[in-house]
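In what follows, a single structure is set out as structure tokens and then discussed.
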Amino acid sequence: MVEQGTLQEIIADYLNSKALFGFDSVADMKTATNLINGSYAETLGYYTKNDGGKALYKIREITNDDVVDEFKIIELSDNDLIAELIIEDIVNVKACGVKGDGITDNTTLLQNIIDSFPNKTIYFPDGTFGITSHLTTSVDNDKAVCIKLDDYAVIKALSTYSDQNAMICLGGKNYSNYYLYDNFSNYGIEGGTID
């Protein structure tokens, strides 16, 4: 088999297939040299294995419309390829790089996630998610999200929080145009603790 080159052909066919490649973290995926256009990658965590940020990505060529944001679109070491986060209805914030350690300021990243995944459920698994100013969801039904916190998830105001608004302003974005929207039922918050 080896002498005839068959094994090499089998390995080459496998590497050129639309295979699923596995990595411990996003950093490992970013530096991989074996990813090809049209394949898939799974990470077992965002920063480290089993940190709650497990996710699935489609590997594809970058286009002019793509914005590399390091959570929805991740640039790979091969600058022609990106990893696009595959999301169905629920967006796990840890899969987007949010830390639930109680000390990291996640405000900007969380707001970007809320704005980037309209009509999705933004899910906070167990952890304490620090913010330093309020988060705002849209009143526009085309951009609304539902925020769901696990039973042991906490959104916490860090010691540098100085905002006078509510920590989460549901329907607070695009509010000046509120009269354009008939149905306000597409956004909400449930579970967990807001501290």
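The values are calculated or read from the model by the stated rules, or taken from the named source; none is laboratory data. The structure displayed is predicted, hence computed values, not measured ones. Cβ sites come from the backbone with ideal geometry, for glycine too, and all protein chains shown count toward neighbours. Accessible surface is based on the protein model in full, side chains and every heavy atom, while ligands, DNA and RNA are left aside. Shrake-Rupley method; radii C 1.70, N 1.55, O 1.52, S 1.80 Å.
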So for the stretch 88-170, using the alpha carbon gyration tensor with a ≥ b ≥ c as root eigenvalues (a/c under 1.5 gives rounded; past that, a/b versus b/c decides prolate or oblate), I'd call it oblate
What lysines sit close enough to residue 156 to cross-link, taking a C-alpha to C-alpha distance under 28 Å and skipping anything fewer than 8 places away on the same chain? 49, 54, 72, 94, 99, 120, 143, 148, 173
Could you look at the stretch 50-121 and say what percent of its accessible area is carbon and sulfur, using a 1.4 Å probe and all protein chains? 44
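With charges set only on the Cβ (+1 for Lys and Arg, -1 for Asp and Glu), what does the dipole of the stretch 31-89 come to about its Cα centre, in debye to the nearest 20?
Values: 5 positive and 13 negative charges, 59 e Å.
I would put it at about 280 debye.
Taking 0.36 nm per residue of separation and subtracting the Cα-Cα distance, what length does fully extending residue 141 through residue 190 add?
Once the chain is fully extended between residue 141 and residue 190, it gains 15.8 nm.
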Residue 159 accessible area, assembled protein chains, probe 1.4 Å, Å²: 120
Stretchable slack from residue 112 to residue 64, in nm (0.36 nm times residue separation minus alpha-carbon distance): 15.3 nm
The answer for residue 147, listing residues at least 5 apart or on another chain whose modeled amide H is closer than 5 Å to its amide H, is 122, 188, 189, 190
